[in-house]
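No value in this document is a laboratory result; all are computed from the given coordinates. From a predicted model like this one, the values you see are computed outputs, not experimental measurements. In this analysis, Cβ positions are derived from the backbone assuming ideal geometry, glycine residues included, and neighbour counts consider all displayed protein chains.
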Amino acid sequence: MQLSRDFEAARTREIAAEAAWEAIYRRCRPRRPIPSDALRHRGWGDFDAGASLPGTTGSVWITDEEVADIQAELPGPRYLAKCGPSAIAEKHAAEMQARADEIVAAHRAWEAERIVVEEAAGLPEAEAEWDAARDAVVEIATAIREAPATTLEGYAAKARALIAAALGDEDCRELVEELAAFAPPA
């Protein structure tokens, strides 16, 4: 019973922390810097993350994930390795790498400006509070899941914890098996 009350208190804290984060984010979003044109997808005619890397979003702006892919893959050398040495391939590889370097530099500059705005608004602290609240929910939900239930109220607490903490299909299957064992024989 105490775990159930602790869980409800943790969920209330998590919901409040999420709402606080969202409010701060909405306030600081209009003040966030607009990415430079270097971070726009340019299409198939120029080296572009959308044209050259798997799993791109199709967004107008190059995403954080695409920048990470560019940094990890070094497009110029990768292109040369694929095509083999030739004057045309080397020229194209150099252009690709220059574009990749431009994207990474522009992203770093934009990110630095964005971080200043978010820090001034208190977004990192709100996110840390939300993360801590979420961790507490998961910890209590795990304790509830692992505690034996002997009453319908106990099983209801387990179900609420599993749903709210989204601990996975395996846990839900186990709860159903526990409930089945509670039923009278057929």
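Quick look at the values:
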quantity: Scope the stretch 122-131; condition surrounded by fewer than 17 Cβ atoms within 10 Å (Cβ to Cβ) and more than 16 Å from the chain's Cα centre (by Cα); matching residues; calculated: G122, E125
quantity: Tally, over the stretch 1-29, of residues that are among the basic types (K, R), exposed (fewer than 15 other Cβ atoms within 10 Å of the Cβ) and under 30 Å from G154 (Cα atoms); calculated: 1
